[in-house]
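*Asks:* I'd like to ask you about the structure that follows.
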Amino acid sequence: MAPVSPPDDPLSDEGLERLFSSLNNASGILAAVSGGPDSIALMHGLARWAAIGQHPPIYVATVDHGLRPEAAEEAALVAREAALLNLPHRTLTWAGQKPVTGIQEAAREARYRLLVEHAREAGASHLVTAHTLDDQAETVMMRLSRGSGLSGLAGMRRDTDRQGIRHLRPLLGLPKSHLLDLCRRNGWRFVTDPSNADERYARVRWRGLMPLLAAEGLTAERLARFAERAARADEALDLKAREALDRGEPILEVGTLSFQAKILTEEPFDIALRVLEQALTRAGLDLDNSRLHRLESCTERLRQAAGAGEALSLTVAGAHLRLTPGGRVFVGPEPPRHRGR
């Protein structure tokens, strides 16, 4: 008789169904596997899940950013492990010149671009990554240190749209230590990325602080719970802002959205702020989270001018916000600047 798995074992049949139930309707699943213990555990979990019932096809991809000489061999290890599980594997290479600064952010953008492109080629509707509870806690602290708003403090979402591909993080509720133990207990081969100990990177420095925070009660579990609550509040505020913007009789014409300014004064400040954020999005303009303080200032000035019946013209992050004497706000791209000689 096979041993009975403990109730909290994510690799029991029941545990696997709980972890991956949101993937049942996928046309195909692309698993991003770097070779670290988290992603190796994800790959083995998906393979076992696929073996216990009728589930979508699973593909595996490893991104080689071309930043470390060991990366090619790490990708080869993943390919060999995937083959043992009868899972097709592809190594995706980030080619071309790399930026001198902001390399981690650029690598992240390149990674998701390559993964989304490969998911489309493979016919996969879903992308899964092995982000964990610890990753979530580190993300929350990093964003808190940068002065992020509620959306940022919600951390990584379990389900995100990436250009039509659903990006899921099924392991977000599991600690890294649990996944590392699974790999060691089952003899699954994995690699250790030396950059995970390089203190030039902010995430590594925050990782080193987490035990100190946990000793004061700020554990990864509590930070992740805070992120879940922030996400719920963020979703509720977004819904109220969408309803408010719709009441403002929005009109979209050639990349410019207009709406009645009175909704900015009738709603609480945070709803008015999100109305402007959503108006920018509907107009095809995205505001970087680092510009949140600028948009807060614009919201306050627009509210004051609208309340006084005054006209106003503002720019923020490439967007032009114009309040007319008739009481409508127009949101569109900033016009080109003409500089003198």
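*Asks:* Give the number of residues within region 227-256 that are part of a strand (DSSP E or B) and among the charged types (D, E, K, R).
*Replies:* So the count comes out to 1.
*Asks:* Ok, one more. Counting just the residues of region 299-318 that are surrounded by fewer than 14 Cβ atoms within 10 Å (Cβ to Cβ) and small (Gly, Ala, Ser), which one comes out farthest from Pro268 (Cα to Cα)?
*Replies:* In this case the residue turns out to be Gly318.
*Asks:* Suppose the filter is surrounded by fewer than 15 Cβ atoms within 10 Å (Cβ to Cβ), at pLDDT 95 or above and either in the same structural domain as Ala154 (by TED's automatic domain parsing) or closer than 30 Å to Arg80 by Cβ (or both); does Arg200 pass it?
*Replies:* Here the answer is no, as Arg200 does not meet what is asked.
*Asks:* Only one residue in Leu218, Leu209 is under 13 Å from Val140 (Cβ atoms), among the hydrophobic types (A, V, I, L, M, F, W, C), in the same structural domain as Asp159 (by TED's automatic domain parsing) and assigned to a loop (DSSP other than H, G, I, E, B). Which one?
*Replies:* Answer to the check: Leu218.
*Asks:* I've got another one for you. Which of the residues spanning region 257-296 are assigned to a helix (DSSP H, G or I) and either in the same structural domain as Gly147 (by TED's automatic domain parsing) or of a type in the set (Gly, Ala, Ser) (or both)?
*Replies:* Across region 257-296, the qualifying residues are Ala272, Ala279, Ser290.
*Asks:* Now for a different question. Among the residues of region 75-85, how many are in contact (Cβ under 8 Å) with a residue 60 or more places away in the chain and either of a type in the set (D, E, K, R) or not in a helix (DSSP H, G or I) (or both)?
*Replies:* Matching residues across region 75-85 total 1.
*Asks:* Something else: Scan region 79-131 for residues that are among the β-branched types (Val, Ile, Thr), out of contact with any Leu (no Cβ under 9 Å at 6 or more places or on another chain) and surrounded by 13 or more Cβ atoms within 10 Å (Cβ to Cβ) and report the count.
*Replies:* Number satisfying all stated conditions: 1.
*Asks:* Does region 247-266 include one or more residues that are within 30 Å of Leu171 (Cβ to Cβ) and either in contact with a Leu (Cβ under 9 Å, 6 or more places away or on another chain) or crowded, with 17+ Cβ neighbours inside 10 Å (or both)?
*Replies:* no
*Asks:* Out of Arg205, Arg166, Arg189, report the one residue that is out of contact with any Leu (no Cβ under 8 Å at 6 or more places or on another chain) and either more than 23 Å from Phe20 (Cβ to Cβ) or touching a residue at least 60 places away in the same chain (Cβ under 8 Å) (or both).
*Replies:* Within the list Arg205, Arg166, Arg189, the selection yields Arg205.
*Asks:* Quick test for you: out of Asp161, Asp134, pick the one residue that is among the charged types (D, E, K, R), crowded, with 19+ Cβ neighbours inside 10 Å and outside any loop (DSSP other than H, G, I, E, B).
*Replies:* Being among the charged types (D, E, K, R), crowded, with 19+ Cβ neighbours inside 10 Å and outside any loop (DSSP other than H, G, I, E, B) holds for just one of Asp161, Asp134, which is Asp134.
*Asks:* Moving on. Which residue pairs have Cβ atoms closer than 8 Å, lie 6 or more positions apart in sequence or on different chains, and pair a first residue in region 235-258 that is closer than 19 Å to Gly318 by Cβ with a second residue that is assigned to a helix (DSSP H, G or I) and not β-branched (Val, Ile, Thr)?
*Replies:* Matching pairs, first to second residue: Leu252/Arg282; Leu257/Ala279; Leu257/Arg282.
*Asks:* I need a count of the residues in region 23-56 that are out of contact with any Ser or Thr (no Cβ under 9 Å at 6 or more places or on another chain), under 18 Å from Gly164 (Cα atoms) and surrounded by fewer than 15 Cβ atoms within 10 Å (Cβ to Cβ).
*Replies:* Final tally of qualifying residues: 1.
*Asks:* Also, quick follow-up: Conditions: (1) over 27 Å from Arg143 (Cα atoms); (2) at pLDDT 95 or above; (3) surrounded by 18 or more Cβ atoms within 10 Å (Cβ to Cβ). Gly332 meets all but one. Number of the miss?
*Replies:* Single failed check for Gly332: (2).
*Asks:* Specify the residue that is nearest to Ala110 (Cα to Cα); the eligible residues are those in region 56-74 that are of a type in the set (Gly, Ala, Ser) and not in a strand (DSSP E or B).
*Replies:* Gly66
The values are calculated or read from the model by the stated rules, or taken from the named source; none is laboratory data. Keep in mind the model is a prediction, meaning the values are calculated, not measured. Here the Cβ is made from the backbone with ideal geometry for all residues, glycine too, and neighbour counts use every protein chain on show.
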